[in-house]
Amino acid sequence: MSTRHLLAAAAALALAGTTAAASAAPAGHSAHKAKPTVAVVAKKLVGPLSVAQAPDGTRYWADSFAGLLYKQAPNNGPVSVIYKSKHHGADGVSADGGVLRFVTGSSDNKSGGVWTLDAAGAPVQLGDTWKYEKKANPDGKFKYGLLNTPKSCLAKAPKEVQPYSGRKETHSYAVATAPNGVTYVADAGANAILALDAQGQFSTVAALKPVKVKLTKSAVEANHAPSCLVGRKLALEAVPTDVEVAADGSLYVTSLPGGPEDPSLGLNGRVLRIDPATGKVTTIAEGLLSPTGVAVASNGDVYVAQLFRGEISKIKAGKHKAKTYLKVPLPAAVETTPTGLLATIHALPGKKPKGQVVTIAP
């Protein structure tokens with residue numbers, strides 16, 4: 001599943017104010033605690049879904065819906081476009097350890113890769129995710145859609161929830177590089193976290209298991225589905241949306257299950273931790289609404305951008321509950337920096353380009 005297109009399909013809902021973001025959001029900060037300070041770095045972007053900052057202060061952001069990748073020189077220096085493509089725009093970017101990596105996808109989910117720039121600024125492809133997906137199809141072993149449902153009921157069910165196996169799709173949505181040089185990719189089409197070595201070879205770190213939800217009467221009615229589906233189980237694609245490497249080498253991943261981006265099926269977004277050596281997946285936090293970005297601070301605190309909840313949340317080191325850090329409109333990406341956070345807001349397309357890159361100081 002293409003996360004970019006999943007979000008685009010839900011954009012009209014968000015912009016019309018019909019999501020349950022306001023009612024679902026927890027209470028904000030106490031009046032006794034000052035709110036973090038937000039400063040705008042870039043504005044009038046179409047749909048910025050990813051942002052990164054190198055150790056020297058160089059910033060990068062991907063205006064994914066416009067197909068552009070930007071670079072800003074250190075100390076709030078000049079901004080330039082360093083990559084552009086109408087059909088294979090940059091969806092995710094990282095600058096971990098000063099190593100530039102960005103990933104691309106396509107509308108048909110049959111093209112994607114990991115890239116960098118050479119010394120002359122020309123794009124260089126380091127790995128082809130579609131080539132790997134055709135061979136490996138990491139989630140091909142999973143069953144999605146309605147589970148154990150009689151044929152008579154399936155015949156009445158919408159096409160979107162009919163049973164199917166993991167398809168051969170790729171849409172590399174986020175990227176991160178470990179100190180040992182291994183590049184990790186959150187592939188929203190493959191529903192997997194991939195590792196790319198120095199020789200350009202991919203391997204699967206972990207295929208994310210389907211998210212299974214029990215259909216309640218209210219969920220069935222809200223989605224205008226037949227009543228025979230009440231009580232049935234629906235397996236949703238896990239759709240990884242971001243990946244970050246923590247100081248201990250573990251991977252932190254946000255998962256936005258494919259399905260209605262409102263609470264009608266429950267709040268099924270999660271933050272996961274993955275051991276890259278074993279592929280073991282542990283849930284750090286759940287009950288999130290459209291988590292699209294994750295960042296891990298040096299002290300172990302985790303920050304999460306919950307797009308349709310309209311907030312950046314914080315999970316304290318060693319804890320499992322996401323609490324409101326800052327309310328902001330449609331945040332998609334979040335990164336930790338020496339001075340606070342770097343994030344994108346107003347991250348979905350509207351009638352006018354309203355996307356912004358912002359710094360957030362505590």
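When you look at Thr254, is it within 22 Å of Ala62 (Cα to Cα), of a type in the set (Ser, Thr, Tyr) and part of a strand (DSSP E or B), yes or no? Criteria met by Thr254.
Okay, residues lined up against (1) crowded, with 18+ Cβ neighbours inside 10 Å; (2) closer than 22 Å to Thr344 by Cα; (3) in contact with a Ser or Thr (Cβ under 7 Å, 6 or more places away or on another chain); (4) free of Cβ contacts under 8 Å to residues at least 60 places away in the same chain:
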residue: Leu215; (1), (2), (3), (4): yes, no, no, yes
residue: Pro257; (1), (2), (3), (4): yes, yes, no, yes
residue: Leu272; (1), (2), (3), (4): yes, yes, yes, no
residue: Ser298; (1), (2), (3), (4): no, yes, no, yes
residue: Asp301; (1), (2), (3), (4): no, yes, no, yes
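Exactly one residue out of Val302, Val294 is closer than 23 Å to Val213 by Cβ and out of contact with any Leu (no Cβ under 6 Å at 6 or more places or on another chain), and it is Val294. Trp130: surrounded by 20 or more Cβ atoms within 10 Å (Cβ to Cβ), without any contact (Cβ under 8 Å) to a residue 60 or more places away in the chain and assigned to a strand (DSSP E or B), yes or no? Judged against the criteria, Trp130 is not a match. Consider segment 152-165 and keep the residues that are touching a residue at least 40 places away in the same chain (Cβ under 8 Å) and assigned to a helix (DSSP H, G or I). The one that is nearest to Ala222 (Cα to Cα) is Val161. In segment 303-323, the residue that is nearest to the chain's Cα centre (by Cα) out of those that are farther than 18 Å from Lys35 by Cβ and buried (at least 24 other Cβ atoms within 10 Å of the Cβ) is Leu307. The listed residues are Leu194, Leu208, Leu272, Leu256, and the only one of them that is at pLDDT below 95, closer than 23 Å to Gly293 by Cα and either touching a strand residue (DSSP E or B) at 6+ places or on another chain (Cβ under 9 Å) or of a type in the set (D, E, K, R) (or both) turns out to be Leu256.
Scanning segment 67-78 for residues that are open to solvent by less than 70 Å² (accessible area, probe 1.4 Å) and of a type outside the set (A, V, I, L, M, F, W, C) turns up Gly67, Tyr70, Gln72, Pro74, Gly77.
Okay, residues lined up against (1) acidic (Asp, Glu); (2) closer than 20 Å to Leu147 by Cα; (3) part of a loop (DSSP other than H, G, I, E, B):
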| position | (1), (2), (3) |
| --- | --- |
| Arg167 | no, yes, yes |
| Asn180 | no, no, yes |
| Val185 | no, no, no |
| Gly200 | no, no, yes |
| Ala219 | no, yes, no |
| Ala238 | no, yes, yes |
| Thr241 | no, no, no |
| Gly249 | no, no, yes |
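Out of Val81, Val46, one residue alone is over 22 Å from Ala295 (Cβ atoms), touching a helix residue (DSSP H, G or I) at 6+ places or on another chain (Cβ under 8 Å) and either open to solvent by 10 Å² or more (accessible area, probe 1.4 Å) or among the small types (Gly, Ala, Ser) (or both). It is Val46. If you go through segment 340-357 and keep only what is more than 21 Å from Tyr252 (Cβ to Cβ) and polar (S, T, N, Q), you end up with just Gln356. Scanning segment 308-353 for residues that are under 15 Å from Ser64 (Cα atoms), in contact with a Leu (Cβ under 8 Å, 6 or more places away or on another chain) and outside any strand (DSSP E or B) turns up Leu330, Pro331, Ala332, His346, Ala347, Leu348, Gly350, Pro353. What do you reckon, is Thr292 in a strand (DSSP E or B), on the phi < 0 side of the Ramachandran plot and in contact with a helix residue (DSSP H, G or I) (Cβ under 9 Å, 6 or more places away or on another chain)? So Thr292 passes the test.
The values are calculated or read from the model by the stated rules, or taken from the named source; none is laboratory data. Because the structure is a prediction, the values reported are computed rather than measured. Neighbour counts run over all protein chains shown; Cβ positions are idealised from the backbone, glycine included. In case anyone asks, the SASA skips ligands and DNA or RNA and just uses the protein heavy atoms, side chains included. Shrake-Rupley method; radii C 1.70, N 1.55, O 1.52, S 1.80 Å.
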